[in-house]
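The block underneath contains the structure these notes are about, expressed in structure tokens.
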Ligand SMILES: *Cc1c(COP(=O)(O)O)cnc(C)c1O
């Protein structure tokens, strides 16, 4: 491939060196070591800057495990129904199944491409769902305060899968747990990793305990320390992964500006081809985008784009497809509500190349290829200048 669809950027050995030295000195390699605790407290500070409430950050070995533990912490009866959107990464579905719950696949909003509180209200009533995992799709932020109001009025529990939305998704409601990913392809990469942000200390503590097999570490409860007090798993984030995450956090602000400038520039240069609002996801844009998605306008236009890009050796991807309900039903017991909007979006959604160090020539080639493939001559207006930071 001449241009890949995504190229991860993870801190190199020079940036990792000081952190690795600390691990060697501490001889503490996992189990809530000093680097892990430093990472959690640095993240807590970052979230606190954007929230009016005290928030707790607890790391996990992946966002998928973070979602599973956040769901387990709700202590719902086995098989309880949980709404999830049809357009999301498969991990949202996997996490619900692994938590012993029954996913109910629901539709999305045509403008935000989200499962919204309005959709969830009707869907929960129709399906008898007692919880919802809303997704900050493609890194766009969900409204935590709207979800908190929904949770209070409906009694339906809410968790947000904000795996790819670090930096855009802040937590403004202390009763909505929000889960982030630190996978290599996300904007705060640890290789593998995740974390849960919650304003509820008892939920946060339970998640920490469940991430360590369920062993009780609290001397103030009836169960003795060292005994299992709940069923857990091993979802701890090692010191090595914490080191990579800390090094990523050191450069995150600067990289976010570059990612954001590229995203804006891309959107501006493609406005004349994708000239309808329905081509673009609306809402609070990702602070540090890691993907670039657009609706081509029709299945035919998408097919034309895919064919031309393939000829030029430029990768494209139908992100989050097939839709969740198209996956093999044999993987578990899940239900599907009618999802006409998700089906429609899936007919022409396409992901174009997007990565931190995408250069001018690559961006130009992609933009030209889009114009040529759709037979639209490129607008002569000068494109806005890209701002290079750092
Ligand atoms: C990346 C992603 C996940 C999975 O995160 P992991 O850390 O790889 O487990 C889950 N949900 C969404 C929406 C994602 O984008």
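Taken over the alpha carbons of segment 220-259 as equal point scatterers, the Debye sum produces base-10 log I(q)/I(0) values at 0.20, 0.26 Å⁻¹ of -0.73, -0.89. With N counted as the residues of segment 219-312, its alpha-carbon radius of gyration over 2.2 N^0.38 Å works out to 1.84. Return the whole-Å distance between the Cα centroid of segment 160-201 and the Cα centroid of segment 6-23. Using only Cα atoms, the two centres lie 21 Å from each other. Please determine, in degrees from 0 to 90 and to the nearest 10, the orientation of helix 34-48 with respect to the longest principal axis defined by the Cα atoms of the chain, where the helix direction is its Cα long axis. The angle comes out at about 60 degrees. Approximating the spin labels as points 7 Å out from Cα along Cα→Cβ, the residue 335-to-residue 90 distance works out to 2.4 nm. Across all directions, the average projected area of the convex hull around the alpha carbons of segment 152-195 is 3.4 nm². Using the rule -39500 (n - 2.57) for each DSSP H run of four or more residues, divided by the residues of the chain, the 222 nm mean residue ellipticity is -12000 deg cm²/dmol. Ranked for footprinting exposure by Cβ neighbours inside 10 Å, fewest first, 152, 46 give 152, 46.
Computed over the alpha-carbon pairs of segment 1-117, the distance histogram in 5 Å steps reads 2, 9, 11, 12, 15, 17, 15, 10, 6, 2, 0 percent, short to long. Among 50, 325, 28, 157, a tally of other beta-carbon atoms within 10 Å of each Cβ gives an order, fewest to most, of 50, 28, 325, 157. Relative to the 2.2 N^0.38 Å rule of thumb, segment 66-124 has a C-alpha radius of gyration ratio of 1.12. Against the main long axis of the alpha-carbon atoms of the chain, helix 201-211 sits at an angle near 90°. Looking at the chain, the pairs of alpha carbons with a distance over 29 Å make up 45% of the total. Legend: ranking of residues 53, 293 from fewest to most surrounding C-beta atoms inside 10 Å; resulting order 53, 293. To test your reading of the geometry: what angle, between 0 and 90 degrees and rounded to tens, separates the Cα axis of helix 299-311 from the longest principal axis of the chain? For helix 299-311, the angle is close to 90 degrees.
A short reminder: the numbers here are calculations on the coordinates, not readings from a lab. As the structure is a computational prediction, the values presented were derived from the model and not from experiment. Heads up, the Cβs are rebuilt from the backbone with ideal geometry, glycines too, and the neighbour counts pull from every protein chain shown.
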